[in-house]
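S.K.: There's a structure below that I have some questions on.
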Amino acid sequence: TDLVLPKRITETYTDGSTIVNDYTFTENRLTRIEYTLNFIGEPTETEVDEFIYDADLLVRIDESFVVSGVTETSSTVLEYDSNNKLITETFTSGTNTQINNYVHNSDGTVTLNEHGGQVYIYTIENGNIISEENTNGNNDYVYTYDDKNGIAKNIFFRDTFTLLGYNMFNNNLINYTNTGGATLTDNENHSYTYNSNDYPIASNTIVNEGTTDEESFISEIIYY
């Protein structure tokens with residue numbers, strides 16, 4: 001394929017800690033992400049997400065998490081309606097099972113009825129989540145984006161990955177801000193360096209800017 005796809009994203013924090021995200025594809029179908037977490041003063045942690053397809057649907061995600069030689073596993077099974085839109089996400093870890101349900105509304109929004117009772121409404125435009133409303137809490141957010149090519153723009157089934165929390169947007173997130181009145185500051189700001197094809201090759205992220213909880217990291221993006 002001639003599609004631009006991410007190969008590795010390396011996040012480096014101010015204390016030298018790193019998170020490395022490695023992506024594996026079959027054509028433009030994402031089959032695996034391996035996360036390697038090297039936090040200063042802590043043992044290396046590894047997480048692997050493997051993605052299983054049935055025809056043109058992502059039907060299962062198998063996860064493994066390894067730290068200090070101990071492995072934990074979990075799986076997520078996905079179900080769809082007759083229009084191939086995600087409606088059910090069943091997460092299982094050991095004896096624990098959680099079920100999330102998705103409703104695709106006539107106005108184009110998507111409602112997530114989360115296990116445990118939380119309800120979120122996502123407004124999506126041009127392949128980007130632009131707002132998130134927590135109907136029974138204060139986790140409300142607004143998002144803004146650039147007009148360049150998103151890192152994950154060409155990944156197959158990208159919209160479903162985004163609903164599942166993988167943030168595979170059509171463009172690149174510039175910032176998000178909590179608008180729900182949360183007592184703790186919760187925001188991120190991103191700036192990018194682009195290549196000649198308008199794909200990001202580096203970014204700078206500041207979390208909770210201007211607070212005592214401020215944290216920053218830089219990212220390097222390599223493509224296939």
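S.K.: Among (1) open to solvent by 50 Å² or more (accessible area, probe 1.4 Å); (2) closer than 20 Å to P200 by Cβ; (3) not in a loop (DSSP other than H, G, I, E, B), where does Q98 come up short?
M.R.: (2)
S.K.: Restricting to the range 1-27, name every residue that is free of Cβ contacts under 8 Å to residues at least 40 places away in the same chain, open to solvent by 60 Å² or more (accessible area, probe 1.4 Å) and farther than 23 Å from I61 by Cβ.
M.R.: Correct list: D2, D15.
S.K.: In the range 77-95, how many are open to solvent by 50 Å² or more (accessible area, probe 1.4 Å) and part of a strand (DSSP E or B)?
M.R.: Adding up the residues that qualify gives 4.
S.K.: Give the range 164-176 a look and list any residue that's assigned to a helix (DSSP H, G or I) and within 20 Å of T26 (Cα to Cα), or say none.
M.R.: Hit for the range 164-176 is Y166, nothing else.
S.K.: Where in the range 106-163 are there strands (runs of 3 or more DSSP E), lying wholly inside it, with at least 2 residues that are hydrophobic (A, V, I, L, M, F, W, C) and either touching a residue at least 12 places away in the same chain (Cβ under 8 Å) or out of contact with any His (no Cβ under 6 Å at 6 or more places or on another chain) (or both)?
M.R.: 110-113, 119-125, 128-134
S.K.: Next question, about the same structure. Out of the residues in the range 183-197 that are in a loop (DSSP other than H, G, I, E, B) and under 21 Å from the mean Cα position of the chain (by Cα), which is farthest from E11 (Cα to Cα)?
M.R.: T185
S.K.: A follow-up question, please. Would you pick out the residues in the range 28-56 that are open to solvent by 40 Å² or more (accessible area, probe 1.4 Å), closer than 26 Å to L5 by Cβ and out of contact with any strand residue (DSSP E or B) (no Cβ under 6 Å at 6 or more places or on another chain)?
M.R.: R29, Y53, D54, A55, D56
The values are calculated or read from the model by the stated rules, or taken from the named source; none is laboratory data. Since we're looking at a predicted model, the values are computed, not measured. Here Cβ is always computed from backbone atoms with ideal geometry, including for glycine, and neighbour counts include all displayed protein chains. Surface accessibility is based on the protein's heavy atoms, side chains included, excluding ligands, DNA and RNA. Shrake-Rupley method; radii C 1.70, N 1.55, O 1.52, S 1.80 Å.
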